[in-house]
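Let me begin by presenting the structure, written as structure tokens, before commenting on it.
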């Protein structure tokens, strides 16, 4: 496959509007529609809502009336629908095709879960209602908590963290609280070079110094180097397992034992739990705390960057330090344990991380996902995710450098590097060319331990036919990059925009719309 | 299993391609001791869509919803009408199932929306810039405090007694670990917010003063003097807005001199959802932008000169700066930001002002009616859509009793401040555009009977 299905080849050149046809009056290209900014089409006096006027007694605003224009243009309902529908069509999405972003787990989002989350019994309840009016909501939290603890083989779970990085913070704060409770003031957290950027950022946010642990040549934590560094100043080690090279940390149990022997604790970044769910329980590997991204493993929608949800499972050693609030089953139903009701039993809790009780809208979706899959389905999720990734790895290792391919199978994601591309050709060129082929690119330049990394995570919700076509496309692009096809450097040609100038954006940031006369005056 | 497209014969063919006999060969790196030998304990096998829907419906039916009867709860989460258009658009797959816009050429929809959102939030708050969202109001509030520490290189933050107690708790939790020094207070049932007390406490070690507007008791007061007092000591004023609809009626914190304005955006487009997911709003003055946490979307051009948008200033962020980042935040509340932005577009300035006026009018009607109930005393005469009343007895059992009659009467201060006995008779009543004359009458009658 050296030519795409439309018959266009790079050597045919490009007329600047991407299709070889004449320019249009509107700048549109049939179904590819340009959309102005809201601020260019809306008016302060326009509205898309009919709001009933209420006869007011005298105003009681304390003399603070907002008199000046706020500057918020409105649109009628049809214009609003069209504005956002047109914008939506400039996005790539899982619903459109394979989205193989490594470590991000872009799998199908079941629509049943959307329906469930919108049931008024879940969507239209207030977090501060009397607890006996929200027993069903507390039961959802309790049921999901039960399955998360069961699936991970851990002792307890904190449900309130709002996303993965917030979960990391939760785990590290529990570790710090546990250490301080025994009078231990350790100050360092060890993080492998391959870790997500959130790991070192979290450790620093919680007041720790961060040190790197090197990786071995086969892409795993260097156990010997780790053992050498462990000492009385090390509070915890943060390990991602399966790791960001797509590999299972074979020595995980030995790592945990060494860390525990040195008096420190083990944090596991659970971003990649989807590779092992139903087959491996982190609790059996000596983990003390691990966050679970419900928006990854349990398929709550990513929504263009959130909201997520990051419950944290704990070992017995950390359970009593878990944050408030949480849900407990009692003789009369479900209780919400907060500051007031924590009592002596939860006196060691490190406190509250967030207003209210966590991401209810994600809990309902994740619970529906778990119940839909069941014990057999969840195990199949991990197996198909791993099989799909290995299929991609073995189908492309002859054309793309696969730095760890020789050391055995990968888990849920396959990693390639830019080694072997023609001089001057990079991972970025491959990624942008994949856009023209109709795919979202893989994760680029991460993890940092692999030069020019390309991390491909197909997930279990892709068919073999889809994978075969993707493999063909990536092979074609890789061959062009190895052959030094200059046309790649201009890709993407067919997206709503060509390559965007990120340097210009950062040098002179324009972060909000300014009316043209204002913008000129500012220059 | 309906979500898994591979067929048994696909799996066989693929195993052959990768050189494995069985799937277990691909898990060879997992030590034997860590492999589960059987199915997950107690979890039943996969279930049909109908069966799962039935299970979840039964759980949902056990909750008394805000729409079931008269409803007056607020304190950081408000019931407003969410237009049908909002929920329709956020369910379009191109928004719902997209990722963070790291490949801008195929994410202009999300990016342009974020640029518009940032502009809407900045204008609503009366500040120069806003980011692409945080988790919620409480975490945005803590991030603002840490930002003030970075900007001023001082570690003492003074928190108003009118700040939501959950927000204070979050800050207290974090400060235990970061070493920030927080000065906190419990609110008192007085007509005025604690602005004068705050001014008296600012000193040369103060990094910031954090004040909620309207405050947890619903009170509003001018922030200008407080801003001047902060600036005189080179401290920052952080204003927290948990009810953004208010800013369609009352002056923005930015206009009154706040340096950082954060808030909870749930009121506009998001819905109650038992407390999450919500939407953290974060705005500040232009000169502080490089110390901001979170994602920022900025304008640029593509290689053909066309306008486009990208995530920018990412050298502040964890994926580039790692332990030196301004925050560890990664995922934010993108889809909630979209909901907010759509709702704000439908409202427009004219609609927002009408909505705010309707909220205030309803609240005034309710305040007037409740004041006539024996044993009910209005605490403050300056409020937006939420006010506190002092009852002749403890408010918590009253709320409990009214819930049994189908009236969700408000948030008792005993629930929010269990330690403060002097607040136990306080009840915070939120009255939005969703409240009817009959609802107000039901609340008044219910209170009258409960207090008799």
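Between the Cα long axis of helix B:395-404 and the first principal axis of chain B there is an angle of about 60°, rounded to the nearest 10.
For peptide A:293-304, compute the average count of partner chain beta-carbon atoms within 10 Å of each residue's beta-carbon.
Details: counts 1, 0, 2, 1, 0, 0, 1, 1, 9, 8, 18, 21.
Mean shielding by partner chains, rounded to a whole number: 5.
The spacing between the range A:321-357 and the range B:271-342, judged by their C-alpha centroids, is 32 Å.
Considering only beta bridges that DSSP places wholly inside the range A:113-368, some 40 percent are antiparallel.
Cβ crowding within 10 Å ranks B:262, A:266 as A:266, B:262, fewest other Cβ atoms first. Using a Förster distance of 22 angstrom, determine the FRET efficiency expected from the C-beta separation of residue A:45 and residue B:307, and round it to 0.05. Calculated transfer efficiency: 0.25.
When the alpha-carbon atoms of the range B:317-360 are used, the pair Rg, Dmax equals 17.1, 47 angstrom.
Between residue A:486 and residue B:372, the simple label model (points 7 Å from Cα in the Cβ direction) yields a spacing of 8.5 nm. Can you give the angle from 0 to 90° between the axis of helix B:108-125 and the longest principal axis of chain B, with both taken from C-alpha atoms, to the nearest 10? The angle comes out at about 10 degrees.
Could you line up B:343, B:181, A:142 from fewest to most neighbouring Cβ atoms inside 10 Å?
Details: B:343 27, B:181 13, A:142 18.
The order, fewest Cβ neighbours first, is B:181, A:142, B:343.
Give the separation of the Cα centroids, the range A:65-129 to the range B:376-452, in Å. Result: 34 Å between the Cα centres.
What is the distance in Å between the Cα centroid of the range B:212-249 and that of the range B:53-80? Between the Cα centre of the range B:212-249 and that of the range B:53-80, the gap is 31 Å. Compared with the dominant principal axis of the Cα atoms in chain B, helix B:165-178 is inclined by about 60°. Taking 7 Å steps out from each Cα toward its Cβ at residue A:233 and residue B:188 produces label points 4.9 nm apart.
To the nearest 0.05, what FRET efficiency results for residue A:260 and residue B:319 with a Förster distance of 35 Å applied to their C-beta separation? It would help to have the intermediate numbers written out before the result.
Working: r = 30 Å, r/R0 = 0.87.
That gives a FRET efficiency of 0.70.
Using a Förster radius of 22 Å, what is the FRET efficiency between residue B:234 and residue B:286 based on their Cβ-Cβ separation? Nearest 0.05, please.
Values: r = 18 Å, r/R0 = 0.82.
For R0 = 22 Å, the calculated efficiency reads 0.75.
Per-residue Cβ neighbour counts within 10 Å put A:260, A:291 in the sequence A:260, A:291, beginning with the fewest. If a spin label sat at a point 7 angstrom from the Cα of residue A:24 along the line to its beta carbon, the backbone N atoms of the range B:67-109 nearer than 19 Å would be those of B:106-109. When both bridge partners sit in the protein assembly as shown, DSSP labels roughly 60% of those beta bridges antiparallel. Computed on the protein assembly as shown, the Cα convex hull volume stands at 155 Å³ per residue. The stretch between residue B:50 and residue B:16 holds 8.6 nm of extra length on full extension. This uses 0.36 nm per residue minus the Cα-Cα distance.
Each reported figure results from applying straightforward, stated rules to the coordinates on display, with no laboratory input. Keep in mind that this is a model prediction, so the values were computed, not measured. Don't worry about glycine lacking a Cβ; one is built from the backbone with ideal geometry, like all the others, and counts go over all protein chains shown.
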